[in-house]
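Step one of this worksheet: look at the structure below.
The values are calculated or read from the model by the stated rules, or taken from the named source; none is laboratory data. The model shown is predicted, which means the values in this text are computed figures rather than measured ones. Quick reminder, even Gly has a Cβ in these numbers, built from the backbone with ideal geometry, and neighbours come from all protein chains shown. Surface accessibility is based on the protein's heavy atoms, side chains included, excluding ligands, DNA and RNA. Shrake-Rupley method; radii C 1.70, N 1.55, O 1.52, S 1.80 Å.
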Amino acid sequence: MSEQTQVDNKNANNSTPELKKHSFEAEVAQLLHLVTHSLYSNADIFVRELVSNASDACDKLRFEATNDDSLYENDGELRIRIAIDTDAKTITFTDNGIGMNETDAIENLGTIAKSGTKAFLDKLSESQKQEGQLIGQFGVGFYSGFIVADTISVESRKAGEPADKGVRWVSDGSGSFTVEPITREARGTAITLHLKEQYSEGEDNYLDRGKIKRLVNKYSDHISLPIQMRKEVWQEDVKEEGDDSEASDAPAGGEMVLTDEWETINKASALWTRSESEIEDDEYVDFYKNITYDFDEPLAWTHNRVEGRVQYTQLLYIPKKAPVDLYTREQQHGLKLYVKRVFIMDDAEQ
């Protein structure tokens, strides 16, 4: 055997195996189930997440409009609205923010864990990031709606684009979705949850206006935008003409009816986000009474901003009287934690 042949055989025996690159595969239906049943253990969270998404959409429009105010389309009053349809068993969250076109809907709603807010933040300068109040980071909050809904439909139109460039996105959370073009005069986005049966009746009835108001007040009360629902008024029974019944001795009847007027249901007063020098003592006292339901004024308070590896603002009140459950072993005590004006958890020990 020649010397060259021996070298060739040696190289062939020691050749490196060819590397083959593969992509991870995911069963989308199972991933959605994981997101909606494990990542979010509390069904109430969907209200917080969808309101936060709507707030982000409005903040994005505010940023974009600094360079092109025509994006406001003669409607500069940014807002979030929540509408309940008891007959259709739906809840709709509507904002007049930046909106989406078909490409945006496919990329942002059709890709789990793709955060449009994070991508938007990456494009901003550091100073703009500090000025903004964008909330979403991980791109999974939208899917929390599938905890309570068997179908979610989204209708949207991007600011600055013509009305016939609207889009409708629909999914039942099983791993697929449909997209179709629509005509939509209003800019922004409307997300409609078609509630599962167990969440439209009984204790878990999210068609209860009072329940939704309480959840907004708990999680999103301090978001700077107005969050609105249709106003309810008491309407007494009207006696029909020719009715000779003795109605004077009967108690007055009536019912609560919805009007076409929208009322703001959040306080939008995140006092800790303002500079201490700008806040009067009366404002501190009013804020304390609002969040604690204590009729007495606080004994003292401290308002500090801590900067370092971790930045946070602390607003700490000391009540005049100790709570009655202070020494109850089962009762947990801690601080309320808010991130970007959104309530995250109560009784935070650390």
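Taking 18 Å as the cut-off, the amide N atoms of segment 299-317 that come nearer than this to a point 7 Å along the Cα-to-beta-carbon line of S277 belong to 303-307.
Using a cut-off of 19 Å between Cα atoms, the listed pairs K211/K289; K89/K165; K218/K267 include K211/K289; K89/K165 as exceeding that distance. By accessible area, using a 1.4 Å probe on protein heavy atoms only, segment 268-350 has 49% of its surface on carbon and sulfur.
For the pair Y327 and R305, a Förster radius of 25 Å applied to the C-beta separation gives a FRET efficiency near 0.15, rounded to the nearest 0.05.
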